[in-house]
1. Looking at region 72-116 only, could you name the residues that are at pLDDT below 95 and assigned to a loop (DSSP other than H, G, I, E, B)?
2. With the requirement that a residue be out of contact with any Lys or Arg (no Cβ under 8 Å at 6 or more places or on another chain), among the polar types (S, T, N, Q) and at pLDDT below 95, what does region 16-59 give you?
3. Would you confirm whether or not region 60-71 contains a residue that is at pLDDT 50 or above and either surrounded by fewer than 19 Cβ atoms within 10 Å (Cβ to Cβ) or under 17 Å from residue 132 (Cα atoms) (or both)?
4. Pull out all pairs, ordered by first then second residue, where Cβ-Cβ is under 9 Å, the residues are six or more apart or on different chains, the first lies in region 37-58 and is in a helix (DSSP H, G or I), and the second is at pLDDT below 90 and buried (at least 18 other Cβ atoms within 10 Å of the Cβ).
5. Can you name the residue in region 89-115 that is farther than 18 Å from residue 5 by Cβ and small (Gly, Ala, Ser) and is also surrounded by the most Cβ atoms within 10 Å (Cβ to Cβ) among such residues?
6. I'd like the full set of residues that are exposed (fewer than 13 other Cβ atoms within 10 Å of the Cβ) and in contact with a Leu (Cβ under 8 Å, 6 or more places away or on another chain), limited to region 116-129.
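The values are calculated or read from the model by the stated rules, or taken from the named source; none is laboratory data. Keep in mind the model is a prediction, meaning the values are calculated, not measured. All Cβ positions, glycine included, derive from the backbone under ideal geometry; neighbour counts span all protein chains shown.
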Amino acid sequence: METLIARVAAATDATPDAARKAVALVLDFITREAPDDAVDQLFAKAPALKAIVASGTTTGGEGMGRTVRGLMGTGAGAMGGGGLLALGADLMALGFDMSQIQAIGKEVLEYAREQAGDDVIGEIAEAIPGLAQYL
């Protein structure tokens, strides 16, 4: 877990606290938007990622399951609803600019790929429009 936080902090020139919050937002987004089986496989192979989500601020739909949150359209951002744009708005609210947000996405997905493999991350990227640009 600390390895990923350190990587994101270094890539974005952010504090470890800000990096942890950013990673938690990205992982919460993936948890809500990706297929349940792919998320379960990711967390089984990289349990530290699940711990980061549990320690972070969720972006909406607390108390609802992953499926219900996705159906309800609850998610990140002041605009309401999910999607990468809303996630970007949440990350900007933490003080990150667009280049830093891209670096966060790349670091999180690369770490996830190292832990869970290409197949799991490929399934997640296929399910979330626009996510593949970070691979």
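1. Correct list: 73, 74, 75, 76, 77, 78, 79, 80, 81, 82, 83.
2. 58
3. no
4. Listed by first residue and then by second, the contacts come to 43/53.
5. Of all residues in region 89-115, those farther than 18 Å from residue 5 by Cβ come to 89, 92-93, 97-99.
So of that shortlist, the ones also small (Gly, Ala, Ser) come out as 89, 93, 99.
On the way: 89: 16, 93: 13, 99: 10.
Going through the qualifying residues, I end up with 89.
6. First pass over region 116-129, keeping only residues exposed (fewer than 13 other Cβ atoms within 10 Å of the Cβ): 118-119, 129.
Selection gives 129 alone.
Condition check ((1) under 18 Å from residue 107 (Cβ atoms); (2) of a type in the set (A, V, I, L, M); (3) crowded, with 20+ Cβ neighbours inside 10 Å) across all residues:
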| residue | (1), (2), (3) |
| --- | --- |
| 5 | yes, yes, yes |
| 13 | yes, no, no |
| 22 | yes, yes, yes |
| 27 | yes, yes, yes |
| 32 | no, no, yes |
| 37 | no, no, no |
| 41 | no, no, no |
| 45 | yes, no, no |
| 48 | yes, yes, no |
